[in-house]
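Okay, structure first, notes after.
Laboratory data are not the source of any read-out in this text; all were calculated from the coordinates shown. Note that the structure is a prediction, hence the values are computed from the model and not measured. Here the Cβ positions follow ideal geometry from the backbone for every residue, glycine too, while neighbour counts run over all protein chains shown.
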């Protein structure tokens with residue numbers, strides 16, 4: 001969801017989304033704020049399920065919501081957690097994000113004030129891309 005009050009601060013948007021997470025099994029709440037190149041910020045949170053593989057990560061939730069709003073190009077992802085150390089996206093989320101923004105800036109923040117920065121291509125150096133589907 002886009003929140004104009006937080007559009008100028010994707011970190012605040014990610015932290016706010018984290019508070020909406022549904023994580024009754026892992027108790028590991030995650031919020032994500034994905035910024036499109038037009039400046040729009042779309043958020044997501046993790047949503048767990050008793051059938052564990054059916055859960056959704058915050059990052060892919062934000063990506064799906066952004067794509068549903070017509071966004072296809074992104075320049076920043078902020079991931080917020082309550083962990084001690086900043087947490088990068090999981091492998092599945094890295095792969096999903098690489099489809100749209102292989103040079104995406106990824107920032108992980110914690111409620112304790114810690115921060116880490118990466119570029120998605122460094123986190124996922126050899127993604128499976130549309131070119132991988134080539135038959136020739």
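Compute the acute angle (0 to 90°) between the alpha-carbon long axis of helix 58-68 and the principal axis of greatest extent of the alpha-carbon atoms of the chain; round to the nearest 10°.
Once rounded, one gets 60 degrees.
Tell me, what is the FRET efficiency for residue 26 and residue 119 to the nearest 0.05, using R0 = 30 angstrom and their Cβ-Cβ distance as r?
0.65
So what's the convex hull volume per residue for the Cα atoms of segment 1-83, in Å³?
81
Kindly provide the helix-only [θ] at 222 nm of the chain, computed as the sum of -39,500 (n - 2.57) over DSSP H runs of four or more divided by all residues, to the nearest 500 deg cm²/dmol?
Details: 4 runs with 32 residues, N = 136.
Roughly -6500 deg cm²/dmol at 222 nm, from the helical runs in the chain.
Using alpha carbons only, what's the Rg to Rh ratio of segment 60-103 with Rh from Kirkwood?
Rounded to two decimals, Rg/Rh equals 0.98.
What spacing in nm lies between the two simple spin-label points modelled at residue 69 and residue 92, each 7 Å away from Cα in the Cβ direction?
Output for this residue pair reads 2.4 nm.
At 0.36 nm per residue, minus the direct Cα-Cα distance, what do residue 111 and residue 9 gain on full extension? Give it in nm, one decimal, please.
Numbers: separation 102, 0.36 × 102 = 36.72 nm, distance 1.49 nm.
Stretched out fully, the residue 111 to residue 9 stretch lengthens by 35.2 nm.
Indicate the gyration tensor shape class of segment 32-136 (rounded, prolate or oblate), computed on the Cα atoms with a ≥ b ≥ c the square roots of the eigenvalues: a/c under 1.5 is rounded; otherwise a/b larger than b/c is prolate and the rest oblate.
Values: a/c = 1.43, a/b = 1.33, b/c = 1.08.
Judged from the Cα gyration tensor, segment 32-136 comes out rounded (a/c under 1.5).
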